[in-house]
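The values are calculated or read from the model by the stated rules, or taken from the named source; none is laboratory data. Quantities reported herein were computed from a predicted structural model and do not represent experimental measurements. Methodologically, a virtual Cβ is constructed for each residue, glycine included, from the backbone with ideal geometry; neighbour enumeration extends over all protein chains shown.
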Amino acid sequence: MRKIQIQILLLFLVGTSISFAQQPQKPNAVEIYNQIKKLNFLGSVLYLAAHPDDENTRLISYFANEMNARTGYLSLTRGDGGQNLIGPQLRELLGVIRTQELIEARKVDGGEQFFSRANDFGYSKNPEETLHIWDKDKVLADVIWTIRKFQPDVIINRFDHRTPGSTHGHHTSSAMLSVESFKLTNDPKIYPEQLKYVKPWQVKRQYFNTSWWFYGSQENFEAANKSKFATLETGVYYTGIGKSNQEIAALSRSRHQSQGFGSTGVRGNETEYLELINGEAPKDPNVLFEGIDTSWNRVKNGKPIGELISKIITNYNFSNPSASIPDLVKAYTMIESLEDEHWKSVKSAAIKNIIASSAGLYLEAAASEQEATPGSIVKLSLEAINRSAVEMVLTSVTTLPEHKTTVQNTVLKNNNDQKISLQTQLPATIEYTQPYWLKEKASEGIYTVSNQENIGIPDIIREVKVLFNVKISSVEIPFERTVIYKYNDGVKGEMYNFLDIVPEATTSIVEKVLIFKDTKSKLVPVKVRAGKDNIKGNVQLELGKGWLISPNQISFALEKKGMEQTFYFEVTPPVQPEEAIAKSVIAIDKERFDKSITIIDYSHITKQMILKSAESKCIRIDLKTSGDAVGYIMGAGDEVPESLTQMGYKVTLLKPEEITPEKLDSFNTVITGVRAYNTVNALANKQKVLFEFVKSGKNMIVQYNTYGRLVTDQLAPYPLKISNDRVTEENAKITFLAPNHPVLNTPNKISTKDFEGWTQEQGLYYPDQYDPAFTPILSSHDKGESAKNGALLVAPYGKGYYIYTGLSFFRELPEGVAGAYRLLSNIISLKQPIEAPKQQLKQ
C-alpha cells in the first residue's frame, strides 16, 4: 500500500481518449483517487460570462483539479449568433453545436456547464440593447436560479461590469447581471416562484477576472496597481498525467471547433488576477475560500463523513482501489442520511461513481435499435460485471420512465459478465428527443422554457433509463444508466449513440427557400421518412391563397423504419410578388405529423437530433439574372451555393487545387465563401490566377473575412484593409453613395426596400481603408455611430470587376430575404463595356 499524493485531472484521460461523449467512462486508479479527494472538499466556484468560448479554461481547470472545488461555468447564451467554421449550420443549429462543444470542454477541464435562456442574437454594441432584446428580467431570473441551485461560495465574472460599450454588449451585460444578482439571491421576495425548488443563497465573494486585455496593452497592465488583486499561480504541473494546467486548459478550449479556437498548450509559471468587486475581503487576498468552511463540518452531521473519507484517502491502495469499497459504502449511507439536501445530492452522485469505478463495476443498457416511437416496445440488452473481489448482488433492475422493476438477485462474481435481455414499454406521451430549449417558440432574444426545473440544464433531457439496483455490503445502491445504442464500425470500432425517440413519420421540403422568378410552375420535392415499420398515409403541401398546388395530396406506404421516399408537388406562384410559407404535412389514421428531422453529426460532439416544423419559404420575386456559370470556393461553411442554384445559376464548388486558368475559363463569376481567406490556406497561392481571371473580363466576389489571421496580405488586386466595422442593426437606414452605378440598377433596380426584412445584421468586418479604384456603393451605421461605407466595394480590374462585400448574404439568402437575392444578382451580372479593337477604330 502506497501513501502518495498524486494530482490528477478528474476526467482528462477519459475525456480526451474517446470521440463520442456517450461512451462510458472508465477511470483509472489515480483518477479514482483524485475523485475521492474531491469528495472531501465542500466548496464551489461559479465562472460567469456570455458565450461558449468566453470562459477562462485555465481557471476552471485550476479550481476543479488543483483546488478540488466544485466548479461551474454559466454561459448566458448557447452561442447561436456566431459564425460556424466547420459547417453550414447557423442560428439555433449552431447553438446546438456550441452547446455540445461546451459540454465536451467541461469533460476535459473538470467543470460543470450551465446556461440561461438568453438567445445569442448576434453582435451587440452596448448592454442597453442587449438587455432590452434579451428581456433583462428573465435572464436575471435565470442567473439567480443558477446561483440558488449551484450554491457557489465564489463567483468570478469574465468581464468588467463598469465598462459598457468597450466590448460586446453581451459581455458587459453578463457581468452587470452577475453583479446585480449578488444582493438578490438571498432575498426570498426576489423570484419567489423559484423557492418551490431551491432556497435563497448568499455568495460569499464576487470577483472580476481581469487581465492585460482590459487595460489595452501588456505594458499598461504591468504598470497598474495590483495590490488589491488576488493572484493565483495556475501554471500547475499534474504529475499523474504529465500535463500542465495550461495544457489541459488548451485541450478544453480546443473543443470549440466551430469557432476555430484550437489552442496550443504551454508550460511553466502563469498568474491569473482576480479583482474583488463584492463581498467581504479575505485577510489574505490570495485565499479565495478564507472564512468559508470547505470541510464536511459545514453540514450537520458531516464531520464523521469527512473523517471517514480522510481515512480512505490515507489508506488508498493504487494497486487495488476496490479495497476502499467497504468504507466508501459506509460513507455513502452516511451521506444519504444527511439533512442538507444540496450536498447530499452532489456528494451522493459522486460517491456512487467512485464505488462503481473502484470495483470496475460496468453497467450498460443498450437498445436494439437507435430510434423508437412513443408507445412502442424497446428491446434492451443489459450488461453487469463486477471486476473486483467485493461481494455484490444485482437485486433488480428498474426501467424508466415505465417504472417497472424486474427482480434479478444475481450474484455478481468477480469478472463474470452477466447479460440480461428485457423489454420496456415506452409511454405514448413520452417526449420526442430534441434540445428542450427549441421545443417552444422563441423570441429574438430569449428561448421559451416553460418548466422551471429545466432552466439551465445544458443538454438534451433523455427519459429512457435503467436503474441497476446493486447490493454491496448489505447496502442497496441504485446506479442509473441512460439507454444507449451501440454498433461496430469496421474502421472506428465500437461506436455509441443515444436512443432517440422519434415521431412515427417525419417529412421535409427539400429546399428551405423556393424562388419563383416568374409565373412558371416548379416541381417541389417533399420527403417522407418512416419512424417505425409499416406506415401508410397521405402527404400534402400547404400554402397560402394564390398559390396553386397539384396534386392535393399523395398517398404513400413505407414498409421499414428509416425508409425514405420523395414525392413531387407542382407549385404555381401568383402573378404579383409575394412571400408564403409552405408546410409539408403527413396524415396517418387521422393523426397529423408535421416535423422534419435535422441530424448534426460531428466526431467531436455527441450526435444531435433536432425536430423543426417542416416548412420552407416560397418567394414570388421580381428577379432578373444574367450569366449562368458560377464557381464557388467554400470557406468556413455556408449555404450560399444552394441559394444561387435557386436563383437559376449553375454552381460548381471549386476545390483550391482546381483553381487553374483552364478550370476558371468556364465560369463567368467566381465567389469565395465566408471567411475563405481566414480558413483556406491554399488561396494564398491562387490569387494571381484569380486576379488574371478578373482581368480577362470576369467577376470575382469576395465575401466577408475577419481582419485577423488572413492567409494572404494581398486580398485584392488593389490595397484593401479589413476593419472591425459592422452594422448590427439589420434595419439601419441605407444610403446609396453611387446611385447610378450598374450594381444598383442592372438587371434589377435596387431601392432601400430591398434592405427591409434583413436578419440579425446588415454586415460585418467592413474594409475601412481601400484604394481609390474601389467605388463604395452603400453607407449605413448603427445608432449614434459614424457612417460605415465599406459594405460593398466595386473595382474594375482589367476587363472585369473585383467586388468585396461584408454584407451578410450568408445569413440573408438562407432566410429568403428577397432584396439580398436581387442585389446579389446585380453583383454577379456586372459587366464592363469592351472597347473595340484599335484597328476597327481606324476604319
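Residue by residue, here is whether (1) touching a strand residue (DSSP E or B) at 6+ places or on another chain (Cβ under 7 Å); (2) closer than 25 Å to residue 139 by Cβ; (3) of a type outside the set (Gly, Ala, Ser) holds:
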residue: 435; (1), (2), (3): yes, yes, yes
residue: 458; (1), (2), (3): yes, yes, yes
residue: 462; (1), (2), (3): yes, no, yes
residue: 472; (1), (2), (3): yes, no, yes
residue: 485; (1), (2), (3): yes, no, yes
residue: 492; (1), (2), (3): no, no, yes
residue: 509; (1), (2), (3): yes, no, yes
residue: 512; (1), (2), (3): yes, no, yes
residue: 521; (1), (2), (3): yes, no, no
| request: Tell me which residues, restricted to region 541-593, are part of a loop (DSSP other than H, G, I, E, B), touching a residue at least 60 places away in the same chain (Cβ under 8 Å) and closer than 19 Å to residue 616 by Cα. | output: 543, 547, 577
| request: Return the total of residues in region 605-650 being among the hydroxyl-bearing types (Ser, Thr, Tyr), closer than 30 Å to residue 498 by Cβ and buried (at least 22 other Cβ atoms within 10 Å of the Cβ). | output: 1
| message | With the structure loaded, tell me whether residue 180 is within 30 Å of residue 340 (Cβ to Cβ), of a type in the set (D, E, K, R), surrounded by fewer than 24 Cβ atoms within 10 Å (Cβ to Cβ) and in contact (Cβ under 8 Å) with a residue 60 or more places away in the chain or whether it fails that test. | response | no
| said: Give me the helices (runs of 4 or more DSSP H) completely within region 730-843, filtered to those with at least 1 residues that are within 27 Å of residue 648 (Cβ to Cβ) and modelled with pLDDT of 95 or more, ordered by residue number. | reply: 809-812, 818-829
| task | Give the residue that is farthest from residue 338 (Cα to Cα), with candidates limited to residues of region 349-394 that are in contact with a Gly (Cβ under 7 Å, 6 or more places away or on another chain) and of a type in the set (D, E, K, R). | result | 371
| query | Which of the residues belonging to region 240-255 are surrounded by fewer than 23 Cβ atoms within 10 Å (Cβ to Cβ), hydroxyl-bearing (Ser, Thr, Tyr) and under 15 Å from residue 62 (Cα atoms)? | reply | 244
| said: Criterion first (more than 30 Å from residue 108 (Cα to Cα), touching a residue at least 24 places away in the same chain (Cβ under 8 Å), of a type in the set (Val, Ile, Thr) and not assigned by TED's automatic domain parsing to the domain that holds residue 96) does residue 598 satisfy it? | reply: no
| query | In region 256-282, how many residues are of a type in the set (S, T, N, Q), crowded, with 16+ Cβ neighbours inside 10 Å and in a loop (DSSP other than H, G, I, E, B)? | reply | 1
| query | Among the residues of region 484-500, is any β-branched (Val, Ile, Thr), surrounded by 17 or more Cβ atoms within 10 Å (Cβ to Cβ) and outside the structural domain of residue 600 (by TED's automatic domain parsing)? | reply | yes
| task | Among the residues of region 460-485, write down those that are of a type in the set (Val, Ile, Thr) and part of a strand (DSSP E or B). | result | 466, 470, 472, 475, 477, 482, 484
| message | Please pick out the residue among 364, 369 that is under 31 Å from the mean Cα position of the chain (by Cα), on the phi < 0 side of the Ramachandran plot and surrounded by fewer than 17 Cβ atoms within 10 Å (Cβ to Cβ). | response | 369
| Which of the residues that make up region 283-308 are charged (D, E, K, R), part of a helix (DSSP H, G or I) and under 39 Å from the mean Cα position of the chain (by Cα)? | 298
| In region 290-337, which residues are crowded, with 19+ Cβ neighbours inside 10 Å and touching a Gly at 6+ places or on another chain (Cβ under 8 Å)? | 296, 322
| Complete set of residues in region 654-689 that are closer than 24 Å to residue 619 by Cβ, among the aliphatic types (A, V, I, L, M) and touching a strand residue (DSSP E or B) at 6+ places or on another chain (Cβ under 9 Å) | 671
| task | Would you point out the residue of region 486-514, among those that are assigned to a loop (DSSP other than H, G, I, E, B) and of a type in the set (Asp, Glu), that is nearest to the chain's Cα centre (by Cα)? | result | 511
